[in-house]
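Here is the structure we will look at, set down as structure tokens.
The values are calculated or read from the model by the stated rules, or taken from the named source; none is laboratory data. Every value quoted in this text rests on a predicted model; they were computed, and no experiment measured them. So basically every Cβ, Gly included, is an ideal-geometry build from the backbone, and we count neighbours across all protein chains shown.
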Amino acid sequence: KSEVISNKGIHKNNFNVQNLSELHISKLRFTNVLLYLNVANIPQKIYNSGMLATKGCINMTNQDKILKILEDNNGHISRKTIVENDIPTIYLTRLVNEGIIERVSKGIYVDVNYLQDELYTFSLKYPKLVFSRRTALYLNNLSNRSIGVIEANVPRNYNNKNINDIKIYRVNEITYETGKEYIKTDFGNLVPTYNIERCICDLYLLDDYDLEQRKYAIDYYITQGINRERLYEYSKIFGIYEKMLGIFEVL
């Protein structure tokens, strides 16, 4: 069916917005129709049909804002982010009830069309985490093994009793901060971890790596652009320069 509508012919109370895709709009800008109908009241399935684009929309609804944040963050969003953007948290509940997002952890939600990024989820839930040791090796491509147990550093005075499913190391400020940076996960999300030189130093600073892990990491590091100054700086900070003389000779 094709129907011509005009300002005079639209009645908000009885207009069937579900048939909006079937209408032929003549002599009237589509944006004017949306403004007249009050976009906030249009059902979510109209949005899903692609008829309401957030880009270029002057007055985005709260639901539109959440969907835009999800799009910009690979399908992930936190309650904290919602609050920071002055969006009532009731909209998260509505999207969960509509099957658009799912609650994967306390205060953390994921679009049902995306796979959950476990590392990113943990970093959102526990902002003080810095992924370390074998998890850091993996993120820096210094390991040929998949992540078994997720490992992370936290400040020494951090209360980590509520953190589950992660092996936590409480460390001093120097150990916590040195070499910290953000690296993308396999899903393209930035998470806090340590740079490649810090990972190499940890191979000599800590005693929980096997020979194969050390060899693979060092061999890969040699194929990358080596930052000798940074490696030397870190080895001095952690007091392991003498232990690392062998690798300095190789490099």
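Can you list the helices (runs of 4 or more DSSP H) lying wholly within the stretch 202-251 that have 1 or more residues being loosely packed, with under 13 Cβ neighbours inside 10 Å, modelled with pLDDT of 95 or more and in contact with a Leu (Cβ under 6 Å, 6 or more places away or on another chain)?
Result: empty, no element qualifies.
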Within the group LEU92, LEU124, LEU119, which residue is in a helix (DSSP H, G or I), aliphatic (A, V, I, L, M) and out of contact with any Phe, Trp or Tyr (no Cβ under 7 Å at 6 or more places or on another chain)?
LEU124
GLU173 fails exactly one of (1) touching a Ser or Thr at 6+ places or on another chain (Cβ under 9 Å); (2) surrounded by fewer than 20 Cβ atoms within 10 Å (Cβ to Cβ); (3) under 23 Å from ILE237 (Cα atoms); (4) not hydroxyl-bearing (Ser, Thr, Tyr), namely (1)
